[in-house]
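Student: Take this structure, written in structure tokens, and hold onto it; I'll ask about it next.
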Amino acid sequence: MSLDVPTALLERAERGEVDDADFVEVVRVSLPYAWEVVSRVARELHSGTAEFADNVVPPPDEAARGQLLRAMASDAIRGGLERHFKVKLAFQNCHRVAAFPIAAVGGETYSTFIGTRAQLLNQSPELRNC
């Protein structure tokens, strides 16, 4: 799944003139399901008192799953989303995206969430091929 980059932005990128706002807008338009998930968990984090907010609902179809995987697997996309929403994203399996406060990185809750034990405990047979 590729990003749908407008010609004008592609031309600016060829000249080296790209800012985060333009890039994030391309992500929002190109990966609407991923955008919805990330924006929701970021909004929940910022509006609540929990240490993190996460998505535990599987994507509705393979296209949506592909969008989420694309967003989380790309350092540029993930980093752009993190800067835009002012969060640190963490990812498990094929749909569990979590938003943490940036200050939580290195802390106990964040380290536990991204640790190997949490990854193993978050497995199930129905997620094996996701």
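The values are calculated or read from the model by the stated rules, or taken from the named source; none is laboratory data. Please read all numbers here as calculations on a predicted model, not as lab measurements. FYI the Cβ positions are ideal-geometry reconstructions off the backbone, even for glycines, and counts take in every protein chain you see. In case anyone asks, the SASA skips ligands and DNA or RNA and just uses the protein heavy atoms, side chains included. Shrake-Rupley method; radii C 1.70, N 1.55, O 1.52, S 1.80 Å.
Student: Please enumerate the residues belonging to the range 51-81 that are within 11 Å of Val97 (Cβ to Cβ) and of a type in the set (Lys, Arg).
Tutor: Scanning the range 51-81 gives a single hit, Arg78.
Student: What is the residue count in the range 1-32 for residues that are polar (S, T, N, Q) and over 25 Å from Ala63 (Cα atoms)?
Tutor: The total comes to 0.
Student: Does Ala73 satisfy the criteria of being open to solvent by less than 50 Å² (accessible area, probe 1.4 Å) and either among the small types (Gly, Ala, Ser) or out of contact with any strand residue (DSSP E or B) (no Cβ under 7 Å at 6 or more places or on another chain) (or both)?
Tutor: Against the criterion (open to solvent by less than 50 Å² (accessible area, probe 1.4 Å) and either among the small types (Gly, Ala, Ser) or out of contact with any strand residue (DSSP E or B) (no Cβ under 7 Å at 6 or more places or on another chain) (or both)), Ala73 does not qualify.
Student: Something else: Kindly list the number of the only condition in (1) modelled with pLDDT under 95; (2) within 30 Å of Thr7 (Cα to Cα); (3) of a type in the set (S, T, N, Q) that fails for Asn122.
Tutor: Of everything listed in (1) modelled with pLDDT under 95; (2) within 30 Å of Thr7 (Cα to Cα); (3) of a type in the set (S, T, N, Q), Asn122 misses just condition (2).
Student: While we're looking at this one, here's another question. With the structure loaded, tell me whether Ala103 is assigned to a helix (DSSP H, G or I) and surrounded by fewer than 10 Cβ atoms within 10 Å (Cβ to Cβ) or whether it fails that test.
Tutor: So Ala103 passes the test.
Student: Confirm whether Ser2 is more than 30 Å from Thr112 (Cβ to Cβ) and either surrounded by fewer than 16 Cβ atoms within 10 Å (Cβ to Cβ) or free of Cβ contacts under 8 Å to residues at least 24 places away in the same chain (or both).
Tutor: yes
Student: Of all helices (runs of 4 or more DSSP H) completely enclosed by the range 1-99, which ones contain at least 2 residues that are at pLDDT below 95 and under 9 Å from the mean Cα position of the chain (by Cα)?
Tutor: Passing ranges, in order: 62-73.
Student: Please work out which one of (1) touching a residue at least 24 places away in the same chain (Cβ under 8 Å); (2) over 28 Å from Leu121 (Cα atoms) is the condition Leu9 fails and give its number.
Tutor: With (1) touching a residue at least 24 places away in the same chain (Cβ under 8 Å); (2) over 28 Å from Leu121 (Cα atoms) applied to Leu9, the lone miss is (1).
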